[in-house]
Amino acid sequence: MKTVIHKANTRGHANHGWLNSYHSFSFANYQNTERMNFGALRVLNDDTVSEGRGFGTHPHQNMEIISIPLKGDLQHQDNMGNATIIKQGDIQVMSAGTGIMHSEYNKNKDRAVEFLQIWIIPNKTNVKPRYDQISLKELEKPNSLYQILSPNANDAGVWIYQDAWFNLGTFKEDTTTSYALNKKDNGVYAFVLEGNVSIEGEQLSKRDGIGLWETDNIAINASKNSKVLLIEVPMVF
């Protein structure tokens, strides 16, 4: 098994006033040759957007873009005709393909919105752009991992053009579990959203990340109430 650890305080950081963003991988003005990606995982941004502010209309192409609100409501609009509100407990996915234009704003005037923006390099390019958004409430499994994204349209959660699987887990103190990888040549990037966990013996706290590959299974122990996102992706793509 090989590992790489990214502690929360080593991430790239950009504070634009209206946007406070932490980058696990190189993004915009944060460029680190040792943190370009983890396999097909290209971007993991931890964003806080001020009241009523947001990202104006901008383009994307040939990227799988996933947004997961952690607090608050995110207002989305795009040139495919979608005008939606993405809430805490939802997941949104866009296959940018041949090209999309979209905007994202904090819908609320009285509180910030916090969300993860994740980019996955696709295994098919120049596809017809697509959009999907679902609530995760029916998928939730207390004290257990549950799938929220896969390559398969008929599986639980949303789907993307890549052999990738996302799982969320909310764990009570002193819970032990494991995760079995879906494909031999994939790796897993674990991102701690809340609490303290040990993954394969490495102690991790809120917003720490760890990548693991050349393994079939990983062990997770929550030493206090915790929430973890697992991102399984191909290491060669």
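Within the assembled protein chains, the solvent-accessible surface assigned to LYS141 is about 110 Å², based on a 1.4 Å probe.
Across the accessible surface of the chain, with the other protein chains kept in place and a 1.4 Å probe, carbon and sulfur atoms take up 44 percent. Radius of gyration over Kirkwood radius for the stretch 108-172, both on Cα atoms: the Rg/Rh ratio is 1.03.
Among the protein heavy atoms, those of LYS71 account for about 110 Å² of accessible surface (1.4 Å probe, every chain in place).
For the chain, the solvent-accessible area of protein heavy atoms averages 45 Å² per residue (probe radius 1.4 Å; ligands and nucleic acids excluded).
Looking at the stretch 111-237 from every direction and averaging, what is the projected area of its Cα convex hull in nm²?
Numbers: hull surface 35.0 nm².
Mean orientational projected area (the stretch 111-237, Cα hull): 8.8 nm².
Strictly greater than 21 Å: what percent of every Cα pair in the chain meets that? That fraction is 56 percent. Beyond a 21 Å Cα-Cα separation, which of these cross-linked pairs lie in this structure: LYS172/LYS206; LYS7/LYS107; LYS137/LYS227; LYS71/LYS137; LYS137/LYS172? Exceeds cut-off: LYS7/LYS107.
The values are calculated or read from the model by the stated rules, or taken from the named source; none is laboratory data. Model, not experiment: these values are computed from the prediction. These area figures cover heavy atoms from the full protein model, side chains too; ligands, DNA and RNA do not enter into them. Shrake-Rupley method; radii C 1.70, N 1.55, O 1.52, S 1.80 Å.
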